[in-house]
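Engineer: Take a look at the following structure, please.
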Amino acid sequence: MRQQNSIVSGRYPAIGDHRGWMLRGFRDGFPIAMGYFAVSFALGIAARNVGMNAVQGFLMSLGMVASAGEYAAIMLIGAGAGVLEMIATTVVINLRYFLMSCSLTQKLDPKTPLWKRFLLAYCVTDELFGISSAVPGYLDVAYTYAATAVSVSGWCLGTVLGVVVGNILPARAMSALSVALYGMFLAIIIPPAKHSRFMGCLVALSMAASWIFTAAPVLRTISSGFRVILLTLAIAGIAALVRPVQPDDTPAKS
Amino acid sequence: MKPSILVSLLIMSATVYVIRALPFVLLRRNITNPFLRSFLYYVPYVTLAVMTFPAIITATDSPWSGLLALIVGVVVSLVRGDLFTVALSSCVTVFLSELFLVH
């Protein structure tokens, strides 16, 4: 009865009401799954373009659950990158998950067993981190698990369909879908610029530097993976020196 | 050394998981080092900005539709910043503009 009320009213379930939290997680996972579907469909098309099949696309999305990370993975596979470049690029591009995980450790009841923590680590994406951080008090991990089950299903389904029917779609539709990922990235990096001129400058500077590195002689010979690593280490490092974040700052959410 | 696709996926999936899981094993306290905190805070913005531009312009059939998608994506992000709306707006922009740009 209690959990039914909480679902109907849209309020969070009571502490210890695992079933209520799970249902709430299924519900909150649904809009995330819809967004994931569109984005992962574009990932599937990109994966197909470098010669990956549906099973490989499915395994990639199930194993990585990372938009920018998977995009980079596809680029690296397409470019025939070596193992070291793959690991280095994956570490740098997904470094934000490290920070999100650090933050989530603080949302857990200290009594949470290690296996639940390991399962929660799999669930750390921009969106799932966002909704998990937003709950009041300690996080009931059933909530995050449920939201992950729904949204990762959409993520994997989109990837597989992107690989399988991506070539059935007309060229115009494929061209249009190819910007879905970039649109999603913009939705993560642009909103903070609204409240902070520094963040706006940081994003603009990063784009300008990236453009120079793809156009300028010598610099353009650097592979796209290492370009991302070099520019991220340099620009984020300088930004951290110039403008350290406040102690109460939360990590970036989408 | 060029690994097969499956080995590549295994390596990168394991790497991402280790990144996500490591804090749950190691960290019992907040990060206090101001530089490290700040650096990690800025990383996603720089990384995604670098990956978005100029790639968005070369992803589409016409560079102009890509540029329009960038502009529309930025504007929609400022007005209503949720993932789905922004991604969809950029896609629709490319589709509509290429009706005129690409023949």
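Engineer: Can you name every residue in region B:29-41 that is more than 7 Å from chain A (Cβ to nearest Cβ) and within 23 Å of A:L119 (Cα to Cα)?
Structural biologist: B:R29
Engineer: Would you check if there is a residue in region B:66-80 being more than 8 Å from chain A (Cβ to nearest Cβ), more than 16 Å from the chain's Cα centre (by Cα), farther than 30 Å from A:R220 by Cα and modelled with pLDDT under 90?
Structural biologist: Yes; the residues of region B:66-80 include at least one that is more than 8 Å from chain A (Cβ to nearest Cβ), more than 16 Å from the chain's Cα centre (by Cα), farther than 30 Å from A:R220 by Cα and modelled with pLDDT under 90.
Engineer: From the list B:S38, B:S13, B:S8, which residue is more than 15 Å from the chain's Cα centre (by Cα) and under 21 Å from A:M199 (Cα atoms)?
Structural biologist: B:S38
Engineer: Give just the number: which of (1) buried (at least 21 other Cβ atoms within 10 Å of the Cβ); (2) at pLDDT 90 or above does B:T47 not satisfy?
Structural biologist: B:T47 satisfies every listed condition except (2).
Engineer: Considering each residue of region A:196-228, count those that are in a helix (DSSP H, G or I) and either polar (S, T, N, Q) or in contact (Cβ under 8 Å) with a residue 60 or more places away in the chain (or both), and give that number.
Structural biologist: Number satisfying all stated conditions: 8.
Engineer: Looking at region A:65-82, which of its residues are hydrophobic (A, V, I, L, M, F, W, C) and closer than 20 Å to A:S223 by Cβ?
Structural biologist: A:A66, A:A68, A:A72, A:A73, A:I74, A:M75, A:L76, A:I77, A:A79, A:A81
Engineer: Looking at region B:6-28, which of the residues that are surrounded by fewer than 14 Cβ atoms within 10 Å (Cβ to Cβ) and within 19 Å of A:V124 (Cβ to Cβ) is farthest from the other protein chains (Cβ to nearest Cβ)?
Structural biologist: Checked region B:6-28; the qualifying residue farthest from the other protein chains (Cβ to nearest Cβ) is B:L26.
Engineer: Let me ask something additional. I'd like to verify a number: residues in region A:158-184 that are modelled with pLDDT under 85, among the hydroxyl-bearing types (S, T, Y) and not in a loop (DSSP other than H, G, I, E, B), how many?
Structural biologist: So the answer is 1.
Engineer: With B:V92, B:V86, B:V72 as the choices, which residue is part of a helix (DSSP H, G or I), within 28 Å of A:A33 (Cα to Cα) and out of contact with any helix residue (DSSP H, G or I) (no Cβ under 6 Å at 6 or more places or on another chain)?
Structural biologist: Testing whether each residue is part of a helix (DSSP H, G or I), within 28 Å of A:A33 (Cα to Cα) and out of contact with any helix residue (DSSP H, G or I) (no Cβ under 6 Å at 6 or more places or on another chain) leaves just B:V92.
Engineer: With within 7 Å of chain A (Cβ to nearest Cβ) and outside any helix (DSSP H, G or I) as the only criterion, which of B:P3, B:P44 stands out?
Structural biologist: B:P3
The values are calculated or read from the model by the stated rules, or taken from the named source; none is laboratory data. These numbers were taken from a predicted model, which means no experiment stands behind them. Every residue, glycine as well, gets a Cβ built from its backbone with ideal geometry; the counts of neighbours run over all protein chains shown.
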